[in-house]
1. Can you tell me which of 179, 227 is surrounded by fewer than 18 Cβ atoms within 10 Å (Cβ to Cβ) and not assigned by TED's automatic domain parsing to the domain that holds residue 137?
2. Restricting to the range 99-135, give me the number of residues that are surrounded by fewer than 17 Cβ atoms within 10 Å (Cβ to Cβ), outside any strand (DSSP E or B) and in contact (Cβ under 8 Å) with a residue 24 or more places away in the chain.
3. Out of everything in the range 83-98 that is on the phi < 0 side of the Ramachandran plot and crowded, with 18+ Cβ neighbours inside 10 Å, what residue ends up being farthest from the chain's Cα centre (by Cα)?
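The values are calculated or read from the model by the stated rules, or taken from the named source; none is laboratory data. Every value quoted in this text rests on a predicted model; they were computed, and no experiment measured them. Cβ: placed from backbone, ideal geometry, glycine included. Neighbour counts: every protein chain shown.
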């Protein structure tokens, strides 16, 4: 399954937000908690009601594991360049992804251009003659697309609740900021957010969207953000550990 998973809320109000990912490889419904984020993995043929019932029955466990995960969250490894094509094709490579470690491998074939797929690990289908640089560029475009999907989901909710929206979105590699919002409402997100949990990407997206209404970081700003991200304080603390 490609793209960013949707979320469900369980446990009543305010509820526990859980990412949902359908997988063709999964044989049963399962839960994973990592880096302050819960994920519900659902087999392709399983019903949504069955998956939700499973999550509801394990709500207490999810809460406990989320608290433990956030309490012990440490710095996320910095991104590094990929090795050469010989290593990528024979052994694959590991890189920071969504608060954990992702795996990418390359398959050389008859493709005319590089194509990225994801189902557990990243598989890059590349033509003969492709280089590690071109593979890394294609992977970066794919990861930017995932970040954009998360942002668009947040922006849709922000628009529905406030009537305001961003003027646009762009990505950059930034050394000191995770995101920014210009006076005109243009939001910029740091590409390195792809190595952090989805919940942190959502927090950063809402943080910058809130600046469309409130420019500073006063009480009004934090109140607005807390209404969108109830655990915004723990998200902010997590980001501070990632530098």
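1. That would be 227, the only listed residue that is surrounded by fewer than 18 Cβ atoms within 10 Å (Cβ to Cβ) and not assigned by TED's automatic domain parsing to the domain that holds residue 137.
2. Residues flagged as surrounded by fewer than 17 Cβ atoms within 10 Å (Cβ to Cβ), outside any strand (DSSP E or B) and in contact (Cβ under 8 Å) with a residue 24 or more places away in the chain within the range 99-135 amount to 2.
3. Per the stated criteria, the residue is 85.
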